[in-house]
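Here the structure comes first, spelled out in structure tokens, and everything after it is commentary.
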Amino acid sequence: MRKVKVAMAVMAAALLVGCSGQRNLMSVRENADYFAKQGDYEKSLSEYREYLQRLPEDYEVRYRFANTLLASGATGEAREQYAQLVDIVPNDDRFIDGYARALEQGGESQDLARFLNRMTTQRGDARDWIRLGKSMQKNGDVDGAKAAFASAARADGGRTIAPWIAQADLFASVGDARGERGAVERALYIEPTNPDLLSRYRGLGGIPGPTAGVRPEEWVDPTPKK
């Protein structure tokens, strides 16, 4: 008898949900994700909008919504969604990258430059400088990109390879093999066994070994002095 009552209660609850027109939120989200993967942006956006109307504070779903908007070509609305996300979680690089992409795809170069410069001022993280440098590189400002990547290396005390790889890519793009090799050597000082770096070093005529890496001038010893 108890099982019958439970089953009847479940059926009643299901009917109430159906009558109210409120679908299960998880189903709405799953539908939105599915349609986005299939490239059916119209259906996906409709599902995301319903989800966010009912649960606007879910910033992970808002991020997926923004990505789908951008993929569909709705750069203006995507920009608005990414802007909200940057305001909510200002240190999430996914949201910063998304906002920058929306500005770039929307052809808003001045707003993009202001935003990227603002991020280097507000956070000063190596990733912010790399993001700025890559944007400058795309626009043909090689000297500005070099300066930004150098700032990235200083920002993290020369201890991560990302600024050096960005520099190496920049030098490679302008045919400066010597500059590219120098950047790779500094990256090898940080990660001497990195297979991609070793392969690239060989391609530039280098011979891997214990002396292949060159200590960056920006290097700051992470070990605190006693």
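Given the criteria out of contact with any helix residue (DSSP H, G or I) (no Cβ under 9 Å at 6 or more places or on another chain), part of a loop (DSSP other than H, G, I, E, B) and not hydroxyl-bearing (Ser, Thr, Tyr), does Pro210 qualify?
On the way: out of contact with any helix residue (DSSP H, G or I) (no Cβ under 9 Å at 6 or more places or on another chain): yes; part of a loop (DSSP other than H, G, I, E, B): yes; not hydroxyl-bearing (Ser, Thr, Tyr): yes.
Yes.
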- Output the number of residues of the range 139-163 satisfying the condition of being more than 17 Å from the chain's Cα centre (by Cα), surrounded by fewer than 22 Cβ atoms within 10 Å (Cβ to Cβ) and not in a loop (DSSP other than H, G, I, E, B). 9
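Is it true that Ala166 is under 29 Å from Asn194 (Cα atoms) and over 16 Å from the mean Cα position of the chain (by Cα)?
Values: under 29 Å from Asn194 (Cα atoms): yes; over 16 Å from the mean Cα position of the chain (by Cα): no.
Here the answer is no, as Ala166 does not meet what is asked.
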- Restricting attention to the range 94-119, the residues that are crowded, with 22+ Cβ neighbours inside 10 Å and either of a type in the set (Phe, Trp, Tyr) or more than 26 Å from Glu60 (Cβ to Cβ) (or both) number exactly 2
- Task: Identify, from the list Arg181, Arg186, the residue that is in contact with a Lys or Arg (Cβ under 8 Å, 6 or more places away or on another chain), outside any loop (DSSP other than H, G, I, E, B) and basic (Lys, Arg).
- Result: Arg186
- Note on the structure: Arg94: passes all of (1) touching a helix residue (DSSP H, G or I) at 6+ places or on another chain (Cβ under 8 Å); (2) among the basic types (Lys, Arg); (3) outside the structural domain of Glu80 (by TED's automatic domain parsing) but (3)
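The values are calculated or read from the model by the stated rules, or taken from the named source; none is laboratory data. On a predicted model such as this, the values are computed, not experimentally measured, just so you know. Neighbour counts run over all protein chains shown; Cβ positions are idealised from the backbone, glycine included.
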